[in-house]
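A.B. asks: Pasting a structure here, questions to come.
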Amino acid sequence: MISMSSILSSRSGLILFFLCLVPLATAYLDQGDYLLRICSTAYLYMLLALGLNVVTGFTGLLDLGYVGFYLIGGYTAGLLMARLGWSYWAALPVAAIHGGLWGLLRGAPTLRLTGDYFAIVTFGFSELLFRIVKNEEWLIGGPNGFVNDIPAPTLFGYELWQYWQQYYHILILLILTLLVVYRLHNSRIGRAWQAISQDEEAAQTMGINLHEYKSLAFAISAAIGAIGGAFFAQFQVNISAGVFEFWESILILCMIVLGGIGTLKGALIGAAILGSLGEVLRISLSWMRLPADSRYLIFGAILVMMMRFRPAGILRSTQKSP
Amino acid sequence: MKQQTLIETAPYRALCRLEIGHICSALRSSLVLLLIFSAAFLLTAQEAEAAKTIKVAVAGPFTGSVAAFGEMIKKGAQLRAKEINGNGGINSKELELIFEDDTGKDKEASLVATRIASNKKILAVVGHFNSSCSLAGKPIYKRNRIVELSPGSTNVNVCKGSDYTFRNLYRDDFQGSFSAKYIKGVLTDVKTVAVFFDNDDYGRGLRDSFKQSAEKAGLAIVADEAYDRDTTDYKAQLTKIKSASPDLIFIAGLYSQAGLILSQARESGITAQFFGADGVDSPKLLEIAGEAANGIYITTPFIFGLEGNEEAQRVAIAFEQEFGKAPDTWAALTYDAVGMIVEAIEKRGESRKAIRDHLGSLTSPEKGYQGITGLTYFDENGDCLKPAYVKQVVNGKFVAAKVQFLD
Amino acid sequence: MTLFLEQIVNGLVLGGIYALIAVGYTMVYGVIQLINFAHGEIFMFGAYFAFLCLAVLKFPLWLAVLASILLCALMGVVIDLIAYRPLRNAPRLSALITAIGISLILQNLARMIWGAEPRRDLANAKSAFLSQTVIIPGGAQLSYLDLSIIILAILLMVGLNRLISLTRIGKAMRACAQDKMAASLMGIDTNRVIGATFAIGSALGAVAGIMVGMRETIEPTMGYYKGVAAFAAAVLGGIGNITGAMLGGVVLGIAEVLGAGYISSGYRVAISYILMILVIVFRPAGLLGRASAKRA
């Protein structure tokens, strides 16, 4: 186990401590809630980036449809809570398991496929889910996949909808996910994934059961995505098909690439930057009297620049990227 | 297995070995921190400067495929704010409008709503326009107890279930049945009807109510097709509709798609009469459809230029002077909506609750708000009953229909 | 019967458009194994350039079309030059991310310059002749524009096939697609060939953009929607296989229209994805590719 003292004395522990204090600092600002919302969104993206990292970063398989699991988690939790009145504490694990199952299901026919073909299937899968949710009213109960009035979790009778409560909520989820992923990365499983990402045939020769480890990666990655989706559903109070568009997958992919594929730290930093960049740019741009739309253009420009001058990411990884 | 702290992991060690990489990484981290702090700074700076104004948000589709609506909403609100501030403002404070763009999509509307709701300085929201956007914002505004007054959402469910959502125009169940009655009563050669609807809350709701009323009135529904707002090719569905030979095609959707549908329909050889609802009511329709728009009837919550409404005339002239173009229905409704919010602040107080309480008290015609679009008062849900008018496109222009079927 | 025939015709028109865009994707993938996300945006710029020439420069229609095609070909080459070429030897993912970045830049550039509202300028500029309808044997009614699209698409596809199989540059392209290293050893300037590939693909994309602009509207997101479907078509036919892309385009266009007409309107786009997934899972190389899925 990681010892508590080593965490607290490390730099990361210090960062964590300050992060916990943020809500106190913002309580006095009129737009404090807004800041907390930005931070919460950034944490959510960091969580999702960790999840995608398991498949694309650790195992080296390009997943272009990660938003599909985000969708599954969001709708499972959203529908259970809004339509069937379930509690968040029950809906969350169900959403995670549901997501994991679909990760396995999607992975099963692709186990023998390589590289681009796998990527294309992931893309098609998430787009298909998007279309189904958009069109199947009997399933979702609203057009365009609209599910409204998703309640926040309740603890001792209090609904935890306030922005500072949501902040701690996602922070805790993020830390738990980070611990899980970190442990996996530094274990036999993580090394098996690393081997698969570098050379599948060699790994197989070394006795690594490709199907088993790949499936595990798919399931865990999907489960994390689903957890993110479940959180988002109650955070945003409503979800619609439009949230789970293809560009979201690309956004998360860019986060881990920006930070450096394969590294935990890279995924976190990339997600923190891109996750909050959208809002920060929007504010700075309106400050400079430029149209808010230009932030997407800057986004794209940053990506191109990054890939041109630092293709392996901000932090370099000891792993070869796919 | 060796136990590691996060610092001792391979990536960090790799970083340390590569000096340049280390420095760059440190720079990157500082950049991140810098960005976060600058954001915080910008926010607090913005606040300090703007403490002396009363802030009301206006949420609408200012960009996106229905931006023409947003443009009119924005201008209508701006005109009202200009007039109010010219008269000394509210309680001698300036009225500041904060415009938030929801691009007409419910996903954006959620984000906008959270943004608005989390800014404690904003006292109320005039918006949203699209029904799905108002519905998306509703629970968020409800949670944060801030009033949402829509000048354009007609879906039946928009105001239900929340004490904080109001609107100053009619609902789709009324609009649907009005349309059906009008067709039956005024367009007497129409026996068969096809419905072509936008697959979102607005389109579906309108189509449901229209279909029900049309069937009750004895009109035969021969086709019932949906379209996706994102597609631009309607030939497949139009071919299907054409084969059913309807006398009239009812479009339950928004102007940008309706315009395309009109021109593609005429190109496919469809000669049926077209009928649309408030979503189609925009001068942009004429631009997009061109000649194909001639003859279409449209139901709308308001028409400028009707007899006896001098206040509306005055506003129309002022609008034209200010912006160089004529106002449309939505500018008028927004003009009134802003007026209602301002009246609430003046009469009850400068807080979210005060505005809510004031609007909630307008429960009868005597207490109602008299604006250029008529008398607005609310029922227990926050809906209001106002009449519908009918327009027609004649020779490339909107004119009031000869017969106004006023119930 | 007439209804069915009209739907088939609609499908052929859509298919022709998809085919024109899909070959762009597939040719680039064939030579540099990159899914060029930005290709959809080039298609979109084809429409906007034509609009620009018409509305601002007041060119006659034929000149605007020609100028647009040339500009897009140039655009394709330039994008390759500044964005993809420096990453020729970098990890595959980097080039992909760059393509996505370019796509974002182009889409938002268009939105910023021209606004997000759909434009009808191209549609209005087409002569009245094209809007007229004609009845073909079988009873289906379609506009001359749609008829021209089908004919033009067929001509261009045949022309492309000729180019690939009969000309030197075509041979060079096939060589590069097979093995870049060997091709360069044989004295082929691979960078030039890749540039030519981009130019041709982009030019065809521009033609498709103008067609769609005339038939429907011009808007910044048209590249994304049509592009994704065209990509699915390319995959359906076998990514890297040009004839496959053409076939895939037609099949997808017809499937989409028939699906929308007979099954459900909401799913017309989903049909692309379903077909694509089925093809990849059961026959990864697509309809016309090699039977075994090799490591890409």
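A.B. asks: In nanometres, what is the gap between the two model label sites at A:Ile175 and A:Leu104, each 7 Å from Cα along Cα-to-Cβ?
C.D. replies: With each label point 7 Å from Cα toward Cβ, the separation is 3.1 nm.
A.B. asks: Filter B:Lys75/B:Lys386; B:Lys211/B:Lys284; B:Lys325/C:Lys58; B:Lys181/B:Lys391; B:Lys52/B:Lys121; A:Lys134/B:Lys107 down to the pairs with a C-alpha to C-alpha distance above 18 Å, please. Please list the in-between numbers first.
C.D. replies: Details: B:Lys75/B:Lys386 23 Å; B:Lys211/B:Lys284 27 Å; B:Lys325/C:Lys58 26 Å; B:Lys181/B:Lys391 15 Å; B:Lys52/B:Lys121 11 Å; A:Lys134/B:Lys107 13 Å.
Violating the 18 Å limit, Cα to Cα: B:Lys75/B:Lys386; B:Lys211/B:Lys284; B:Lys325/C:Lys58.
A.B. asks: Okay, moving on. Quick one: which residues, 5 or more positions from B:Arg167 or on another chain, have an amide H under 5 Å from its amide H? H modelled 1.01 Å from N in the peptide plane, none for Pro or chain starts.
C.D. replies: Amide H to amide H, under 5 Å and 5 or more residues apart or across chains, B:Arg167 pairs with B:Ser150, B:Cys384.
A.B. asks: Rounded to the nearest angstrom and ordered from largest down, what semi-axes does the equivalent ellipsoid of the stretch A:125-245 get from its C-alpha gyration tensor (root of 5λ)? Walk me through the numbers on the way to the answer.
C.D. replies: Numbers: eigenvalues 245, 98, 16 Å².
Over the Cα atoms of the stretch A:125-245, the semi-axes work out to 35, 22, 9 Å.
A.B. asks: Please report how far the C-alpha centroid of the stretch B:256-330 lies from that of the stretch B:98-153, rounded to the nearest whole angstrom.
C.D. replies: 26
A.B. asks: Pairs of Cα atoms under 8 Å, at least six residues apart: use those to get the relative contact order of chain A, whole percent.
C.D. replies: Details: 508 pairs, mean separation 99.2, N = 322.
Reported as a whole number, the value is 31 percent.
A.B. asks: OK, next. Other chains' Cβ within 10 Å of B:58-67 residues: what's the mean?
C.D. replies: Details: counts 0, 0, 0, 1, 2, 7, 6, 6, 2, 3.
Per residue, the number of nearby Cβ atoms from other chains is 3 on average.
A.B. asks: A follow-up question, please. State the Cα centre-to-centre distance between the stretch B:378-407 and the stretch C:1-55 in whole Å.
C.D. replies: 42
A.B. asks: Counting DSSP beta bridges in the protein assembly as shown, what percent are antiparallel, to the nearest 5? Don't skip to the answer; put the middle values down first.
C.D. replies: Details: 19 of 54 bridges.
Rounded to the nearest five, the antiparallel share is 35 percent.
A.B. asks: Now for a different question. What is the set of long-range amide H partners of C:Phe59 at a cut-off below 5 Å, with H atoms built 1.01 Å from backbone N?
C.D. replies: C:Leu54
A.B. asks: Shifting gears a bit: Fewest Cβ neighbours within 10 Å first, please rank C:Met181, A:Met306, C:Met214, C:Met276 accordingly. Before the final figure, lay out the partial values.
C.D. replies: Numbers: C:Met181 9, A:Met306 21, C:Met214 25, C:Met276 28.
Arranged by neighbour count, lowest to highest, C:Met181, A:Met306, C:Met214, C:Met276 become C:Met181, A:Met306, C:Met214, C:Met276.
A.B. asks: With everything on Cα atoms, drop me the angle between helix B:106-117 and the longest principal axis of chain B, reported from 0 to 90° to the nearest 10.
C.D. replies: 60
A.B. asks: Right, another one. Cα gyration tensor of the protein assembly as shown, axes a ≥ b ≥ c as square roots of the eigenvalues: rounded (a/c below 1.5), prolate (a/b > b/c) or oblate?
C.D. replies: Working: a/c = 1.82, a/b = 1.16, b/c = 1.57.
It is oblate, given that a/c is not under 1.5 and a/b is not larger than b/c.
A.B. asks: Sticking with the crude label model, points 7 Å out along Cα→Cβ, report the distance from B:Glu307 to C:Phe4 in nm, one decimal please.
C.D. replies: 5.9
A.B. asks: Okay, moving on. Would you please give the residues with an amide H less than 5 Å from that of B:Ile221, counting only those at least 5 places away or on a separate chain, with H modeled from the backbone geometry?
C.D. replies: Answer set, sorted by chain and number: B:Val193.
A.B. asks: Please give, to one decimal in nm, the separation of the simple spin-label points placed at A:Glu201 and A:Ser87, each 7 Å out from Cα toward the Cβ.
C.D. replies: Output for this residue pair reads 5.5 nm.
A.B. asks: How shielded is C:85-95 by partner chains, expressed as the average number of their Cβ atoms within 10 Å of its Cβ atoms? Don't jump to the answer; show the numbers that get you there.
C.D. replies: Numbers: counts 0, 4, 3, 0, 1, 5, 8, 6, 13, 11, 2.
Shielding by partners across C:85-95 averages 5.
A.B. asks: For A:Lys265, list the aspartates and glutamates whose Cα falls under 16 Å from its own Cα; do not include residues on the same chain fewer than 8 positions away.
C.D. replies: By straight Cα distance, A:Lys265 reaches B:Glu8.
A.B. asks: Okay, next question. From the phi of every residue in the stretch C:38-54, what ³J(HN,Hα) in whole Hz does the Karplus formula 6.51 cos²θ - 1.76 cosθ + 1.60 yield, where θ is phi - 60° and glycine or proline is x?
C.D. replies: Each residue's phi maps through the Karplus curve to give 6, 4, x, 6, 5, 4, 5, 5, x, 5, 5, 4, 4, 4, 4, 5, 5 Hz.
A.B. asks: Sum -39500 (n - 2.57) across every DSSP H segment of at least 4 residues in the protein assembly as shown, then divide by the residue count to get the 222 nm mean residue ellipticity, nearest 500. Could you put the intermediate results ahead of the total?
C.D. replies: Working: 40 runs with 624 residues, N = 1025.
The per-residue figure over the protein assembly as shown is -20000 deg cm²/dmol.
A.B. asks: While we're on this one: List residues of the stretch B:128-171, by number, whose backbone nitrogen lies under 17 Å from a label position 7 Å along Cα→C-beta of B:Lys367.
C.D. replies: It comes to B:163-168, nothing else.
A.B. asks: Note down the relative contact order for chain C as a percent, whole number, built from C-alpha pairs under 8 angstrom at least six residues apart.
C.D. replies: Values: 491 pairs, mean separation 105.9, N = 296.
It rounds to 36 percent for chain C.
A.B. asks: What share of the DSSP beta bridges in chain B is antiparallel, in percent to the nearest 5? Working shown, then result.
C.D. replies: Numbers: 12 of 47 bridges.
Rounded to the nearest five, the antiparallel share is 25 percent.
A.B. asks: How high is the relative contact order of chain B, in percent, counting Cα pairs under 8 Å that sit 6 or more residues apart?
C.D. replies: On the way: 759 pairs, mean separation 61.7, N = 407.
Normalised by residue count, the contact order of chain B is 15 percent.
A.B. asks: Rounding to the nearest 20 debye, state how big the charge dipole of chain B is about its Cα centre with +1 on each Lys and Arg Cβ and -1 on each Asp and Glu Cβ.
C.D. replies: Details: 48 positive and 50 negative charges, 187 e Å.
Result for chain B is approximately 900 debye, rounded to the nearest 20.
A.B. asks: Would you please classify the overall shape of the stretch B:315-405 from the alpha carbon gyration tensor, given that a ≥ b ≥ c denote the square roots of the eigenvalues, rounded means a/c under 1.5, and beyond that prolate means a/b larger than b/c while oblate covers the rest? Mind dumping the intermediate values first?
C.D. replies: Values: a/c = 3.40, a/b = 1.64, b/c = 2.08.
It is oblate, given that a/c is not under 1.5 and a/b is not larger than b/c.
A.B. asks: Next up: Going through the DSSP H helices of chain A, which span 24 Å or more along their own axis at the Cα atoms while scoring at least 1.0 as a mean Kyte-Doolittle hydropathy?
C.D. replies: Values: long enough: A:32-52 (30 Å, 1.19); A:88-107 (28 Å, 0.86); A:115-135 (31 Å, 0.74); A:163-185 (32 Å, 1.03); A:210-236 (38 Å, 0.86); A:264-287 (34 Å, 1.21).
Span-like helices here: A:32-52, A:163-185, A:264-287.
A.B. asks: Next question. With a ≥ b ≥ c the root eigenvalues of the C-alpha gyration tensor of the stretch B:167-218, is it rounded (a/c under 1.5), prolate (a/b larger than b/c) or oblate?
C.D. replies: Working: a/c = 2.39, a/b = 1.46, b/c = 1.63.
In terms of gyration-tensor shape, oblate.
A.B. asks: Using θ = phi - 60° and the Karplus relation 6.51 cos²θ - 1.76 cosθ + 1.60, list the HN-Hα couplings for the stretch C:79-88 in order, rounded to whole Hz, with x at every Gly or Pro.
C.D. replies: Taking θ as phi minus 60°, the curve returns 4, 4, 4, 8, 9, 8, 4, x, 9, 3 Hz for the stretch C:79-88.
A.B. asks: How far is helix B:255-267 tilted off the main Cα axis of chain B, in degrees rounded to 10, range 0 to 90?
C.D. replies: Tilt relative to chain B: about 50 degrees.
Only the coordinates and a few stated rules stand behind these numbers; no lab work does. Only a predicted model underlies this, so the values are computations on that prediction, with no experimental measurement involved. Cβ: placed from backbone, ideal geometry, glycine included. Neighbour counts: every protein chain shown.
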